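The structure appears right after this line, and notes come after that.
The values are calculated or read from the model by the stated rules, or taken from the named source; none is laboratory data. Keep in mind it's a predicted model, so treat the numbers as computed, not measured. For neighbour counting, all protein chains shown are included, and Cβ atoms are generated from backbone atoms with ideal geometry for every residue, glycine included.
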Amino acid sequence: MARSQPLMAVLVDGDNIGPKHLGGVRARLERIADVATCRVYADWSLPAMAGWRDQVLNLGATPIQQFRSVAGKNAIDSALIIDGMDLLHGGCYDAFAIVSSDSDYTRLAIRFREAGRRVFGVGYAHTPRPFQKACHEFMAIEDLNVDRLAEGGAIRGAADVKTLVQRALEVAVPTQGVVSLSRLSDLLHTQNPGFSVKQYGARTLSQLLETAGFELVAAGTNRVAVRLTGARLLEIGSSRPAFSPTERKTAD
């Protein structure tokens, strides 16, 4: 029976790409083909890979373990290339996506093309040109994760943003009094692994807060006061209210 969409295998170098990008990358590739396989190659025994685990589970990707057995040798590259060739010879896939900024995958991309498969590369903008040119299409991660703000300054998921910020403030406000933007950023990332303002179409956290309906005003040098709706926030060591980015009232 003929397929309505081509089948794609996505091969991700977990050593080379940050976990916060996986969701955006997969969403973009799913517009092109049916992503039947998504494998993330890494040494999952390393503490540094902890940030990847939620992303892999939530997005239905398959973690592929590869220990670093020899210093200076990239066993992950080798494992990805071998699996890529196995998948090619299996004959099930019409397209392949290599998610990496490593030029070592240039020959693999060329081999996929020689076999008549469509090849998509996904990596950072600085990815070496040989790898980019070896793919039918190369997509820069920076472009995939930065969506333009809609007209009128609206952002995607404004309600979600408010929920995330208020949850962070419930932790920060009672003990901190005035919450700096950097402190709020730390809490958002701690409570929501993989959080990125770019996922919501903003370039900075302050822009995200403002367009989600919070009002930001300085409260001392390099500080921004934030408070929960209806709460009275005092500056540390002061009896007067600090300026707060209270949630704006919107017309019904």
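The set of residues from segment 5-21 being surrounded by fewer than 21 Cβ atoms within 10 Å (Cβ to Cβ) and assigned to a strand (DSSP E or B) comprises just one member, Leu7.
Conditions tested, residue by residue: (1) touching a His at 6+ places or on another chain (Cβ under 6 Å); (2) at pLDDT below 95; (3) farther than 18 Å from Arg28 by Cα.
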residue	(1), (2), (3)
Cys92	no, yes, yes
Phe96	no, no, no
Thr106	no, no, yes
Ile110	no, no, yes
Gly116	no, no, yes
Tyr124	no, yes, no
Leu144	no, yes, no
Glu170	no, yes, yes
Thr175	no, yes, yes
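Of the residues making up segment 128-138, those that are surrounded by fewer than 21 Cβ atoms within 10 Å (Cβ to Cβ) and either in contact (Cβ under 8 Å) with a residue 24 or more places away in the chain or not in a helix (DSSP H, G or I) (or both) are Pro128, Pro130, His136, Glu137, Phe138.
Return yes or no: is Tyr93 surrounded by fewer than 15 Cβ atoms within 10 Å (Cβ to Cβ), among the hydroxyl-bearing types (Ser, Thr, Tyr) and assigned by TED's automatic domain parsing to the domain that holds Val40?
So Tyr93 fails the test.
Answer with yes or no whether Gln65 is of a type outside the set (A, V, I, L, M, F, W, C), in contact with an Asp or Glu (Cβ under 8 Å, 6 or more places away or on another chain) and free of Cβ contacts under 8 Å to residues at least 24 places away in the same chain. Yes: the conditions hold for Gln65. Inclusion of Ser180 among residues that are at pLDDT below 75 and either polar (S, T, N, Q) or closer than 30 Å to Leu88 by Cβ (or both) is warranted.
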